[in-house]
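The values are calculated or read from the model by the stated rules, or taken from the named source; none is laboratory data. Keep in mind that this is a model prediction, so the values were computed, not measured. Note: ideal-geometry Cβ built from the backbone for every residue, glycine included; neighbour counts use all protein chains shown.
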Amino acid sequence: MSTTTSSSLVINDYQPPAKSVWRTLRASFGHRGFAIGAVLLMVILFAALLAPWLAPYDPYTQDVMLRMKPPVWMANGTWEYMLGTDKLGRDYLSRLLYGARISLFIGFSAALISGIIGTIMGLLAGYFGGKVDAVISYLITTRLAMPVVMIALASASLIGGSLKVVIILLGCLLWDRFAVVVRAAVQQIRDAEYVASAQALGCSTLRILASEILPNLVGALIVVATLEMAHAILLESALSFLGVGVQPPIPSWGLMIAEGKPYMFFSPWVIAIPGVALMVLVLGINLVGDGLRDLILPDGRN
Amino acid sequence: MALLHVENLRVEIPLGQDTLHAVRGLDFAVERGEMLCIVGESGCGKSLTSLALMDLLPRKARRTATRLSLDGIDMLTRSERQMCDLRGNRLAMIFQEPMTSLNPAYSIGNQLCEVLTRHRKVSRKDAMLRAAQMLEKVGISNATERLRQYPHQLSGGLRQRVIIAMALMCEPDVIIADEPTTALDVTIQAQILRLIRDIQKEFGLAVIFITHDLGLVARIADRVAVMYAGQIVETAPAVELFENPQHPYTRGLLASIPIPGRTQPGQPLGSIPGLVPSLVGEQHGCAFRNRCPQAIAACAQDVPPVESTDHMTRCLFATPTSGPAAHTALRHGGALS
Amino acid sequence: MSGFLLRRLAIALCVAITVSVISFSLLHLSGDLATAIGGPEATSEQIEQIRIQYGLNKPLVTQYFEWLGDVMRLDLGDSFFFQESVYNLIASRLSITLGLGAMALGIALLIAIPLGVLAAVKRDTWIDRLALSIAVLGQAMPSFWFALMLIVVFSVTLKWLPVSGNSTWAHFVMPAIALGYYATPAIMRLTRAGMLDVLNSDYIRTARAKGLRPHTVLFKHALRNALIPVVALAAVEFGFMLGGSVVIETVFSLQGIGQLAWDAIARDDFPVVQAVVLLIAVIYIVLTLLADVLNALLDPRIRVK
């Protein structure tokens, strides 16, 4: 649009040579958002994976004598129970660490399931077009018209909340963005030359989908997956908060907030701490996702 | 005294560690009522020059000059606010792409009027009347009807006429036209060209017409400045330039145009071998020397301009007076894009 | 234009119906309604009674079409729990949720648009980065947690705002903030992106060349075009806010349809849940249509088609 760039030849000479994976990786850490996000994410991943060794106590052990101890930075806090204890006397730090496992597990699994569903739908719609596309697009529109939170609440309440239920439910609800992105990408690629040549060579549809189209979607898929993972984690925390998600005594951060709610007026740290943890995790995922999007899809705006 | 004086205009664009010297010390002047054509190929810096004059360069670009004055007003020291007062008012600009140069959300009338109401104390009603007058001046019939229309309802040629009308609303001293006909059909091109020339005569405007098309230059220019790689390599009155080109580049350009009556059918057109040099980093010497058939060692030093009455050439070989030798080096010419 | 609109309406209707089918099946297939209504103490005869009374012994498809027929006549059935018609329940609370949503959207726009414009104008400076950081942080907080923290700060510590109830506008401030901030990042980003895009366009260059003052260029020329997609997004976000009101209203006891839905869910009050889900889906769909219409109205290039 603008004619203000000078010597086109000169500017073109200045482009860096084709990017290699290594260069992309190096570049990604230059991207400040991505770097911060990656660090946050790795800290939580670290905490989650090493929870059994890092946690000073068993997250399920109750001791009524020790209930509602404040964290170490407050008046009666001790280093023994660094983040205090909850209403049943369970060590908060330990619960927090194990809670990381829950959140990550749920986020990852839900994103995986919805990713598979959405990708298949997107592939079919994008590749075959016509009636198949019409049907799938209709399904996507329908899904977008549904109030996700309410449906999730209703379903979870009916079926009965549990870790498994939450994962499957979220997996069945969060596939829309995958489908949309994959569909759009496939439509673009479908008409590309190398697909035509594959077809000319007589490759089966499945083979084309798998070997030609899918590899090119990986970038977009990863970006959407990170976003949906964050989405799933937030939804699970809301479900658990209202009591229809993960059930006690499992240390879901959302559940911890719910359990702490009656005490929030006098001991706000009970709800503050898990909330901050959630925020840090989701922030990390979002930053990584945004960073990846900037790096992999530089011209995309979605 | 010339209306517009430009001395040693430079535009630099930082590129990471290096700097792109896009415009390297331009000197030129425009008289009242004169049509100066700046000719050059893509990338020679002519568009940046026009933006530099208006102080509309992109954020990263840096402009410097020894002198930049319009009718005695020093434009180098004007604040942004003061420049805003000049733009559209005494110094107007017409751009290359008529299809995208108008705001799609507002009517033609609205966009025409706002120039006038911005710079003059007139009522909206009077502004609309003037706008209608201007539209008629640029050859648009049904002016009042058109005022209510939106840009997307007009063709490219019509839009360019509107843009010209917009530039004229405050009767500026200078109009800078940056390739105003390049994006138009050939037939429309001719119409717009004629229009610009007529308008110029009628309003007594100074026009700086930027183009890559020598044929166009031949038709309308009073004076011509040939730009290459960020510098003006030759300036002369139009007739003088075409009859007696001094700079090897100018000669090369002229040799690449088919001349009706002279160029034989099937005769290959000349081209200038080589590529435009990179303007990144420090520049020394004549920028054309790597492509010039006459280049010598001395050309690697900065070349001072050779002046004669009205004709400036930045070349060691330029002869102050015209000579027949000028035409013999025309084996090589330059294909313009 | 009208043909296009008609087609969209037809599809919208089908989508609404599909949503209702989904929610209907979900509710009826996930458990035995009669048992749920009867409660843990009910005997099998009582359960049978309930089954007949509510028509639960008919085939599912029949039940659905009967329900659909009723809905068409705005008969949304009676609440299992409240002994009141669902219609009345919803009608009395809808305005609260709509008000909350409007306020939330208003807050979001009020914060996001100026931030977005600022970020675009001061691109790549610390202001831009700060705005983007606010956006990113905003998207990472769970809304219910943000709501609770707001309560702790503004109700408990500062004692400025009331915790629950819905009698005065002050009761809506915190809920509106908690609900609205989630839309802020998206709106801010879109505004910023739109502005950056528009500010690079040729007609802005023309506007500057005309000597128009910077604020004229920004607000008259740039914003007008940059905000077109934002209006559409705002309409859609409003829909999301209505859906997300469930959690916020519950935390603040606002007695809107969000809280009604949650209470109904908790009590297996299916007619209510069904109706609310359908209502919100219909509102979503209407809003999406509205978004398209607004787009067409605001962008004169589309209008001509």
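Report yes if B:Leu51 is facing another protein chain (nearest Cβ under 10 Å), on the phi < 0 side of the Ramachandran plot, at pLDDT 90 or above and part of a helix (DSSP H, G or I), otherwise no.
Numbers: facing another protein chain (nearest Cβ under 10 Å): yes; on the phi < 0 side of the Ramachandran plot: yes; at pLDDT 90 or above: yes; part of a helix (DSSP H, G or I): yes.
When the stated conditions are applied, B:Leu51 passes them.
Could you list all residues from region C:7-30 that are among the charged types (D, E, K, R) and loosely packed, with under 14 Cβ neighbours inside 10 Å? Quick ask: steps written out before the conclusion?
Start the filter on region C:7-30 by keeping residues that are among the charged types (D, E, K, R), which leaves C:7-8.
Once the filter is applied, which keeps residues that are among the charged types (D, E, K, R) and loosely packed, with under 14 Cβ neighbours inside 10 Å, region C:7-30 yields only C:Arg7.
Give the residue that is surrounded by the fewest Cβ atoms within 10 Å (Cβ to Cβ), with candidates limited to residues of region B:250-303 that are within 14 Å of chain A (Cβ to nearest Cβ) and not hydrophobic (A, V, I, L, M, F, W, C).
It comes out as B:Gly281.
Against the condition under 23 Å from C:Thr288 (Cβ atoms), at the interface with chain C (Cβ under 9 Å from one of its Cβ atoms), surrounded by 21 or more Cβ atoms within 10 Å (Cβ to Cβ) and not polar (S, T, N, Q), how does A:Leu144 come out, does it pass?
no
Among C:Val246, C:Val236, C:Val251, which is within 13 Å of chain A (Cβ to nearest Cβ), in contact with a Leu (Cβ under 9 Å, 6 or more places away or on another chain) and surrounded by fewer than 21 Cβ atoms within 10 Å (Cβ to Cβ)? Please lay out each step first, then the result.
On the way: C:Val246 fails: surrounded by fewer than 21 Cβ atoms within 10 Å (Cβ to Cβ); C:Val251 fails: surrounded by fewer than 21 Cβ atoms within 10 Å (Cβ to Cβ).
It is C:Val236.
Against the conditions (1) within 19 Å of the chain's Cα centre (by Cα); (2) surrounded by fewer than 24 Cβ atoms within 10 Å (Cβ to Cβ); (3) under 16 Å from C:Ala140 (Cα atoms), where does A:Val218 fall short? Just the number, please.
Every listed condition holds for A:Val218 apart from (3).
List the pairs whose first member sits in region A:53-79 and is closer than 20 Å to A:Ile257 by Cβ, whose second member is surrounded by 13 or more Cβ atoms within 10 Å (Cβ to Cβ) and among the aromatic types (Phe, Trp, Tyr), and whose Cβ atoms are under 6 Å apart, counting only residues at least 6 apart or on separate chains?
What qualifies is A:Pro59/A:Tyr98; A:Lys69/A:Tyr81; A:Pro71/A:Trp269.
Run C:Leu94 past the list (1) under 24 Å from the mean Cα position of the chain (by Cα); (2) surrounded by fewer than 19 Cβ atoms within 10 Å (Cβ to Cβ); (3) assigned to a loop (DSSP other than H, G, I, E, B); (4) in contact (Cβ under 8 Å) with a residue 60 or more places away in the chain and report the number of the one that doesn't hold.
For C:Leu94, the exception is condition (3).
List, please: which pairs have Cβ atoms under 6 Å, are six or more places apart or on different chains, and start with a residue in region B:143-158 that is free of Cβ contacts under 8 Å to residues at least 60 places away in the same chain and surrounded by 20 or more Cβ atoms within 10 Å (Cβ to Cβ) and end with one that is aromatic (Phe, Trp, Tyr) and assigned to a helix (DSSP H, G or I)?
Within 6 Å, no pair qualifies.
Where residues in region C:254-284 are among the aromatic types (Phe, Trp, Tyr) and at the interface with chain A (Cβ under 8 Å from one of its Cβ atoms), which of them is farthest from C:Gly106 (Cα to Cα)? Please lay out each step first, then the result.
First, the residues of region C:254-284 that are among the aromatic types (Phe, Trp, Tyr): C:262, C:270, C:284.
Now restrict to residues that are at the interface with chain A (Cβ under 8 Å from one of its Cβ atoms): C:262, C:284.
Details: C:Trp262: 25, C:Tyr284: 18 Å.
In this case the residue turns out to be C:Trp262.
Could you grab me the full set of residues in region B:70-103 that are at the interface with chain C (Cβ under 7 Å from one of its Cβ atoms), touching a Gly at 6+ places or on another chain (Cβ under 7 Å) and either among the hydrophobic types (A, V, I, L, M, F, W, C) or more than 30 Å from B:Tyr150 (Cα to Cα) (or both)?
Within region B:70-103, B:Cys84, B:Leu86 meet the criteria.
Take region B:109-128 and flag every residue that is buried (at least 18 other Cβ atoms within 10 Å of the Cβ) and of a type in the set (Gly, Ala, Ser).
Answer for region B:109-128, where residues must be buried (at least 18 other Cβ atoms within 10 Å of the Cβ) and of a type in the set (Gly, Ala, Ser): B:Gly109, B:Ala127.
Please go through region A:243-299 and pick out each residue that is under 18 Å from C:Ala135 (Cβ atoms) and without any contact (Cβ under 8 Å) to a residue 24 or more places away in the chain.
Filtering region A:243-299 down to residues under 18 Å from C:Ala135 (Cβ atoms) leaves A:278-294.
Of everything in region A:243-299, just one residue is under 18 Å from C:Ala135 (Cβ atoms) and without any contact (Cβ under 8 Å) to a residue 24 or more places away in the chain, namely A:Met279.
Considering B:Gln133, B:Gln111, B:Gln153, which residue is over 17 Å from C:Thr206 (Cβ atoms) and within 11 Å of chain C (Cβ to nearest Cβ)?
Values: B:Gln133 fails: within 11 Å of chain C (Cβ to nearest Cβ); B:Gln111 fails: over 17 Å from C:Thr206 (Cβ atoms).
B:Gln153 is the lone residue from the list that is over 17 Å from C:Thr206 (Cβ atoms) and within 11 Å of chain C (Cβ to nearest Cβ).
Those residues that are within 13 Å of another protein chain (Cβ to nearest Cβ), over 16 Å from A:Leu281 (Cα atoms) and not in a helix (DSSP H, G or I), I need them from region A:229-262; list them, please.
Within region A:229-262, A:Gly243, A:Val244, A:Gly245 meet the criteria.
Only one of C:Thr216, C:Thr191 is within 14 Å of chain B (Cβ to nearest Cβ), β-branched (Val, Ile, Thr) and assigned to a helix (DSSP H, G or I). Can you tell me which?
On the way: C:Thr191 fails: within 14 Å of chain B (Cβ to nearest Cβ).
The match here is C:Thr216.
So C:Leu74 fits all but one of (1) over 18 Å from C:Val277 (Cβ atoms); (2) in a loop (DSSP other than H, G, I, E, B); (3) free of Cβ contacts under 8 Å to residues at least 24 places away in the same chain; (4) not hydroxyl-bearing (Ser, Thr, Tyr); what number is the exception?
Every listed condition holds for C:Leu74 apart from (1).
Could you check region A:262-277 and list, in sequence order, the residues that are surrounded by fewer than 18 Cβ atoms within 10 Å (Cβ to Cβ) and at pLDDT below 90?
Across region A:262-277, the qualifying residues are A:Pro262, A:Tyr263, A:Phe265, A:Phe266.
Going by what's in this entry, would B:Arg81 be described as assigned to a loop (DSSP other than H, G, I, E, B) and over 29 Å from B:Gly157 (Cβ atoms)?
Numbers: assigned to a loop (DSSP other than H, G, I, E, B): no; over 29 Å from B:Gly157 (Cβ atoms): yes.
So B:Arg81 does not fit the description; no.
Just to check your reading of the model, which residue among B:Arg251, B:Arg219, B:Arg197 is basic (Lys, Arg) and touching a strand residue (DSSP E or B) at 6+ places or on another chain (Cβ under 8 Å)?
Working: B:Arg251 fails: touching a strand residue (DSSP E or B) at 6+ places or on another chain (Cβ under 8 Å); B:Arg219 fails: touching a strand residue (DSSP E or B) at 6+ places or on another chain (Cβ under 8 Å).
Only one candidate qualifies: B:Arg197.
Yes/no matrix, rows are residues, columns are (1) small (Gly, Ala, Ser); (2) free of Cβ contacts under 8 Å to residues at least 60 places away in the same chain:
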| residue | (1), (2) |
| --- | --- |
| A:Leu139 | no, yes |
| A:Ser157 | yes, no |
| A:Gln187 | no, no |
| A:Ala192 | yes, yes |
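Can you name every residue in region A:263-292 that is within 18 Å of A:Arg90 (Cβ to Cβ) and assigned to a helix (DSSP H, G or I)?
The answer is A:Tyr263, A:Trp269, A:Val270, A:Ile271, A:Ala272, A:Ile273, A:Pro274, A:Gly275, A:Ala277.
Before we move on, is C:Ile111 modelled with pLDDT of 75 or more, under 26 Å from A:Leu281 (Cβ atoms) and out of contact with any Pro (no Cβ under 8 Å at 6 or more places or on another chain)? Steps first, please.
Numbers: modelled with pLDDT of 75 or more: yes; under 26 Å from A:Leu281 (Cβ atoms): yes; out of contact with any Pro (no Cβ under 8 Å at 6 or more places or on another chain): yes.
Yes; evaluated as a whole, the condition is true for this residue.
Can you tell me which of (1) closer than 20 Å to C:Gly180 by Cβ; (2) part of a helix (DSSP H, G or I) is the one C:Leu161 doesn't meet?
Of (1) closer than 20 Å to C:Gly180 by Cβ; (2) part of a helix (DSSP H, G or I), only one is false for C:Leu161: (2).
With (1) facing chain A (nearest Cβ under 8 Å); (2) in a helix (DSSP H, G or I) as the list, and C:Leu287 as the residue in question, which single condition is left unmet?
(1)
Which of the residues belonging to region C:145-196 are among the basic types (Lys, Arg) and in contact (Cβ under 8 Å) with a residue 40 or more places away in the chain?
Our first condition is that a residue be among the basic types (Lys, Arg); within region C:145-196, this holds for C:159, C:189, C:192.
C:Arg189, C:Arg192 - these are the residues of region C:145-196 that are among the basic types (Lys, Arg) and in contact (Cβ under 8 Å) with a residue 40 or more places away in the chain.
Of all residues in region A:185-228, count the ones that are among the acidic types (Asp, Glu), at pLDDT below 75 and part of a helix (DSSP H, G or I).
Of the residues in region A:185-228, the ones among the acidic types (Asp, Glu) are A:191, A:193, A:212, A:228.
Okay, now just the ones that are also at pLDDT below 75, so A:191, A:193, A:212.
When the remaining residues are screened for being part of a helix (DSSP H, G or I), the result is A:193, A:212.
Final tally of qualifying residues: 2.
Which numbered condition in (1) loosely packed, with under 15 Cβ neighbours inside 10 Å; (2) at pLDDT below 90 is the only one that B:Arg67 fails?
(2) is the only condition that B:Arg67 fails.
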